[in-house]
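Each remark here refers to the structure printed beneath this line.
The values are calculated or read from the model by the stated rules, or taken from the named source; none is laboratory data. In this text, all values refer to a predicted model and were calculated from it rather than measured experimentally. Neighbour counts run over all protein chains shown; Cβ positions are idealised from the backbone, glycine included.
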Amino acid sequence: MTDSVFDTIVVVDWSAASAPSPARPSADAIWIGVAGADERVEYFRTRAAAEAALVALMAAERAAGRRVLVGFDFALGYPAGFAALLTGQARARAVWAWMAGRIVDDAQNRNNRFAVAEGINRAFGGAGPFWGRPAGLDLPALPATKAVDYAALGLAERRAVERVVPRAQPVWKLYTTGSVGSQVLMGLPMVHRLAQGAGVAVWPFDPVAGAGVVLAEIYPSLLAPHVAAEGGIRDAAQVRLLSRALWRLRQAGQLATLLTVPGDVPPEEGWILGAGHEAALRAVAA
């Protein structure tokens with residue numbers, strides 16, 4: 001088994017919604033695309049339902065002797081220095097565990113992500129690093145708009161990979177158009193739970209050789225031109241096209257190239273699978 005041979009590719013478009021998504025499949029909800037022996041796209045109204053489906057899918061694939069790559073469309077790490085300031089350990093896993101112990105997320109998507117972010121800001125002196133919230137929330141230490149001096153906090157606004165992929169939003173932005181920070185807060189506790197499973201590795205933080213399930217960060221907008229041409233619900237198109245593209249690269253023996261990280265990237269920050277390899281992904285996405 002080589003590091004890049006997977007039998008099933010799964011791509012997850014996550015959501016930080018605070019209520020169940022509409023019963024009718026809709027945008028800005030959770031979508032999961034699967035490619036491999038078969039190809040399908042599924043819609044989920046709540047994070048709890050989607051996580052349960054992922055657990056069942058991973059278990060079924062492993063029981064059938066198949067190796068699985070699961071990509072999530074949110075950052076698995078923060079800019080260098082944050083983990084140590086928050087947890088005392090310069091490790092992404094320490095942040096996942098910290099979040100899992102504090103984020104409350106019920107079966108109807110009700111959650112406390114903005115309050116947790118404000119608590120972190122207070123611990124950092126009340127000046128960030130997080131920003132963005134609904135106007136009606138009374139959280140004085142969480143500014144509604146960006147008013148953060150990251151240099152004063154000793155943090156970068158962007159991870160190294162977000163400088164390579166400038167369209168990717170900073171992880172600190174929790175609200176308004178294009179924000180991904182809330183998805184990170186609501187996704188990391190799930191990654192923490194999934195990573196406890198036997199034979200599960202999280203790339204690029206863990207060695208992936210021999211792991212039956214590999215979790216990774218993905219960015220579907222690497223295929224933005226193809227998604228725009230596809231039409232329909234953008235989230236559904238994203239997971240279908242990216243899972244298919246990764247599967248085709250796997251079939252062509254080219255997926256290993258994507259499982260590399262530049263040597264100067266702080267290990268705690270992580271990396272987007274496929275960053276810098278957009279041409280290869282787009283060539284097989286049609």
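Here are a few things to note about the model shown:
- Restricted to region 157-181, and to residues there that are touching a Phe, Trp or Tyr at 6+ places or on another chain (Cβ under 7 Å) and of a type in the set (Gly, Ala, Ser), the residue that is farthest from Asp235 (Cα to Cα) is Gly181.
- Residues satisfying the stated conditions in region 216-254, i.e. touching a residue at least 60 places away in the same chain (Cβ under 8 Å), hydroxyl-bearing (Ser, Thr, Tyr) and assigned to a helix (DSSP H, G or I): Ser243
- Single match in Asp38, Asp105 (criterion: modelled with pLDDT under 95 and among the charged types (D, E, K, R)): Asp38
- The residues in region 22-35 that are surrounded by fewer than 20 Cβ atoms within 10 Å (Cβ to Cβ) and either more than 9 Å from Asp235 (Cβ to Cβ) or not small (Gly, Ala, Ser) (or both) can be counted, and the count is 5.
- Scanning region 194-215 for residues that are part of a strand (DSSP E or B) and crowded, with 21+ Cβ neighbours inside 10 Å turns up Val202, Val213, Val214, Leu215.
- Taken together, Gly231, Gly210, Gly199 contain a single residue that is within 19 Å of Thr260 (Cβ to Cβ) and over 17 Å from the mean Cα position of the chain (by Cα), which is Gly210.
- Taken together, Val41, Val5 contain a single residue that is farther than 25 Å from Leu185 by Cβ and buried (at least 17 other Cβ atoms within 10 Å of the Cβ), which is Val41.
- Screening the candidates Leu242, Leu222 for the property of being within 24 Å of Ser179 (Cβ to Cβ) and touching a Pro at 6+ places or on another chain (Cβ under 6 Å) yields one hit, Leu242.
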